[in-house]
1. Quick one: 188, 459, fewest Cβ neighbours within 10 Å first, how do they rank?
2. Pairing the Cα long axis of helix 527-541 with the longest principal axis of the chain, what angle in degrees results, from 0 to 90 and rounded to the nearest 10?
3. To the nearest 0.05, what FRET efficiency results for residue 208 and residue 290 with a Förster distance of 51 Å applied to their C-beta separation?
4. How big is the antiparallel share of DSSP beta bridges in region 344-598, given as a percent to the nearest 5?
5. Just to verify a number: FRET efficiency for residue 98 and residue 247, C-beta to C-beta distance, R0 = 41 Å, to 0.05?
6. Kindly identify region 181-220 as rounded, prolate or oblate by the Cα gyration tensor criterion: order the square roots of the eigenvalues as a ≥ b ≥ c, call it rounded if a/c is under 1.5, otherwise compare a/b with b/c, prolate if a/b is larger, else oblate.
7. Specify whether the C-alpha gyration tensor of region 344-598 places it in the rounded, prolate or oblate class, a ≥ b ≥ c being the square roots of the eigenvalues: rounded for a/c under 1.5, otherwise prolate if a/b is larger than b/c and oblate if not.
8. Multiply the residue separation of residue 108 and residue 260 by 0.36 nm, subtract the distance between their alpha-carbon atoms, and state the gained length in nm to one decimal.
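Readers should treat all values here as calculations from the given coordinates under stated rules, not as data from a laboratory. Just so it is clear, the structure is predicted and the values come from calculations on it, not from any experiment. Ideal geometry is used to build each Cβ from the backbone, glycine not excepted, and the neighbour counts take in all protein chains shown.
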């Protein structure tokens, strides 16, 4: 409970920071709406008493002035209640936008600063899934739940004063019969939290099979292999299993509450009897009977609502564990102050050096790279070769600062890459990944994203497209470079995988970086397109420091130096001819394997 209260306080502090004005407005409305129910009940009591009094008088002695004032006051209170409800909805909606935007920004900022290794580790997918699902609505629910608790508490305190006028034991009885309900709901909230946490994998699997059935990205293969029935069966089985367990908990909670409600009904009968007995004794008026009856009914309803909201707050605070677990994940190490960070060496003189670099994923002690040492001279083109899983793409991501070395350091002209300002790194290192993104925006923007920190330059965009061999394709579209690409939006043009890859290369060429990283740059191209593109790559990489990951001999041959990886380390370094001359080298064995596979 202490941890839950700490979470609630942190969230409420966040919400106050996001919109102090709207928060204050909501608080004022809560105070007003907290006392209005009793005022309306009291007006009913006055109205009933006045009508009873006037009804006992002879016709000629009846005076309706007081009755008119009571009716007018009742109308004013009713109007205030109605207007405050409408204004409350307006304020609530406005603040809900602000709160949602605030936490969206919080999540987005965290996502962009997280160590990239988390995204490629399956253990953290559950953390992301839970956090992103809870962050969208839990903070708002906590805030409005807390406001509701305050409003109910104000109303209950006033109602308690009224009910104590009947007898001191009345409110105590109501409290005692509702406490078991509160306990049941608190227990259910805790059980639901643990259930959701333990079944995140099942929930993710349900979501995954739903995507396989509905998402256009999978439609082609799902239909080609007639997998729709299989995926629907798995979706239904998992979902029914998940819902059955959750419904069983809800059924248990409902049964327990039902037993308590029987006791509550018996208590109500006793309290109603006490009020009736006092009326028969002449201790209270008819108006007071109405007031007490309504106060009892509404007081019990408000008490139930109050305890329900307390249970809801507890449930939401438990689920905030997911959000705070995500927020406390380790972020990418960046310089403490950009003003004190180092600029990217320009131009490069010595090049890139890996000094005893080791890397493994967060919370996984299996080394992907260990004791890796090599250097790349400025202006040199280097090919990274090795079997799948040997760490080639990991090296590309380390140079691009997606990963931070667990041990050792990466130096650029003797300067640690981790000390260089992020915007300087982005401007001086360009990359094309094997699994590059297909941006469903215009062709112009697809290329401009290679250096989005500067305004689009039409000449450079077209030059980059020509260098990658995609210019003619784009010009063939009706809207040219203003054509939206992909399949998501109306009026878009689709391209082949090879054309998308050339577009990704154009994005890299547009960034006039000193270092170019190419991870399987020709994997989606036919032999003719590959040969043509290699000419472009040679011209673009000339005079720049380039690192190419490839399994294709034609691409490997264009490198000035080849670095061979095996296991988790570098095993050979040399030129293509030099490594091939040694028949016992790892590289020679790889080339012979490729030749045998091609026969």
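1. Result, fewest neighbours first: 459, 188.
2. Approximately 90 degrees, to the nearest ten.
3. 0.30
4. 50
5. 0.70
6. Prolate, since a/c reaches 1.5 and a/b exceeds b/c.
7. Taking the square roots of the gyration eigenvalues as a ≥ b ≥ c, region 344-598 is prolate.
8. Full-extension gain reported as 50.2 nm.
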